[in-house]
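Enquirer: Here it is, the structure, as structure tokens.
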Amino acid sequence: MTEVSVAKEEVAATGELVVLKNVNKHFGALHVLQDIDLTITRGEVVVVIGPSGSGKSTLCRTINRLETIDSGSITIDGNPLPAEGRQLAKLRADVGMVFQSFNLFAHKTVLENVTLGQVKVRKVDARQAEEKARALLDRVGVGAQADKYPAQLSGGQQQRVAIARALAMGPKVMLFDEPTSALDPEMINEVLEVMQQLARDGMTMIVVTHEMGFARSAANRVVFMADGRIVEEAAPEQFFSNPRSDRAKDFLSKIL
Ligand code: ADP
Ligand code: MG
């Protein structure tokens, strides 16, 4: 390998992965995302917090093009989001998403949930896909559930399968939209622990959550949103001990 290509790889390994520039979106008269500028560096863990209705979910959904934007630009790894077809399926594989409501395929087994996308989108052969799926299911602690259907699993187990399914696609970045909000309290930690481990392993992550313990321990940066805007961005220790904006102070006083 030449020196030039090594240098290039180093740039790629530390570079900007997700870049939103001046993004605006409306739902009718509602200006739900307002002049959003946000850059996520490879390996970074960004926690997005803010009051309900501030646009956090919409922000996540625009990044894998579940929602279109009205103006501005979004790039993943330097490429603009594709509009449709095969390229869009590939984007959705590159940008793994975990929702509050698990969204597993109800009529497929756990194992099938984690192999399908690999075979269809990534064109991995069936045996290899199964091997990877089993390894990932083991990694998130649900290897023994591989042949069950989602409804036979607890919420915490289903959410861990959803994480394994996204990881099976070899994503460049993982988006989590309130992944523990629908879980019974005793199951929250088993999901957060999987996410903590993922963060430690160097995965680039955007996490919308009200779990401030996770934000403190795993986030490199906290992004605080209100009314469709990014109001404040800071390292977690700074944000939690010394928020600058009145909106953030008010929000923190209600949740902490
Ligand atoms: P958050 O995740 O921060 O609670 P959302 O992004 O879900 O906020 O929603 C932001 C605002 O956009 C809310 O007022 C919500 O009602 C509105 N909204 C979200 N999705 C749609 C939609 N598909 N059509 C119309 N309004 C929407
Ligand atoms: Mg939301």
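The values are calculated or read from the model by the stated rules, or taken from the named source; none is laboratory data. Bear in mind that the values here come from a model prediction, so they are computed numbers and not experimental data. Virtual Cβ from ideal backbone geometry, glycine too; neighbours counted across all protein chains shown. Just the protein is used for accessible areas: all its heavy atoms, side chains included, with ligands, DNA and RNA removed. Shrake-Rupley method; radii C 1.70, N 1.55, O 1.52, S 1.80 Å.
Enquirer: Within region 29-56, count every residue that is within 6 Å of ligand 1 (Cβ to nearest atom) and open to solvent by 50 Å² or more (accessible area, probe 1.4 Å).
Expert: Residues in region 29-56 being within 6 Å of ligand 1 (Cβ to nearest atom) and open to solvent by 50 Å² or more (accessible area, probe 1.4 Å): 3 in total.
Enquirer: Looking at region 34-62, I want the residues that are within 17 Å of Asn24 (Cα to Cα) and have a partner that is open to solvent by 50 Å² or more (accessible area, probe 1.4 Å) and near ligand 1 (Cβ under 7 Å from one of its atoms) with Cβ atoms under 9 Å, at least 6 apart or on another chain. Which pairs are those?
Expert: Note: pairs meeting the criteria are Thr58/Phe27.
Enquirer: For a quick check of your reading of the model, give me the residue pairs whose first member lies in region 80-106 and is within 16 Å of ligand 1 (Cβ to nearest atom), whose second is part of a helix (DSSP H, G or I) and open to solvent by 60 Å² or more (accessible area, probe 1.4 Å), with beta-carbon atoms closer than 9 Å and at least 6 apart or on different chains.
Expert: From residues that are within 16 Å of ligand 1 (Cβ to nearest atom), the pairs are Met97/Arg61.
Enquirer: Inspect all residues belonging to region 147-154 and state whether any of them is assigned to a helix (DSSP H, G or I) and acidic (Asp, Glu).
Expert: Taking every residue of region 147-154 in turn, none turns out to be assigned to a helix (DSSP H, G or I) and acidic (Asp, Glu).
Enquirer: Sort out which residues of region 18-32 are farther than 25 Å from Phe240 by Cβ and under 18 Å from the mean Cα position of the chain (by Cα), and write them in order of number.
Expert: Passing the criteria: only Val19.
Enquirer: Related question: Just to be sure before I move on: is Val121 β-branched (Val, Ile, Thr), at pLDDT below 95 and away from ligand 2 (no atom under 16 Å from the Cβ) in the structure I sent?
Expert: Spelling it out, Val121 is indeed β-branched (Val, Ile, Thr), at pLDDT below 95 and away from ligand 2 (no atom under 16 Å from the Cβ).
Enquirer: For region 150-194, name all the residues that are touching a Leu at 6+ places or on another chain (Cβ under 9 Å) and either without any contact (Cβ under 8 Å) to a residue 40 or more places away in the chain or of a type in the set (Ser, Thr, Tyr) (or both).
Expert: Ser154, Gly156, Arg160, Thr180, Val191
Enquirer: Still on this structure: Quick check on my filter: what residues within region 17-71 are of a type in the set (Asp, Glu) and within 16 Å of ligand 2 (Cβ to nearest atom)?
Expert: Listed by number, the list holds a single entry, Glu67.
Enquirer: I'm trying to understand the selection: among the residues of region 101-152, which are basic (Lys, Arg) and buried (at least 17 other Cβ atoms within 10 Å of the Cβ)?
Expert: Passing the criteria: Lys132, Arg139.
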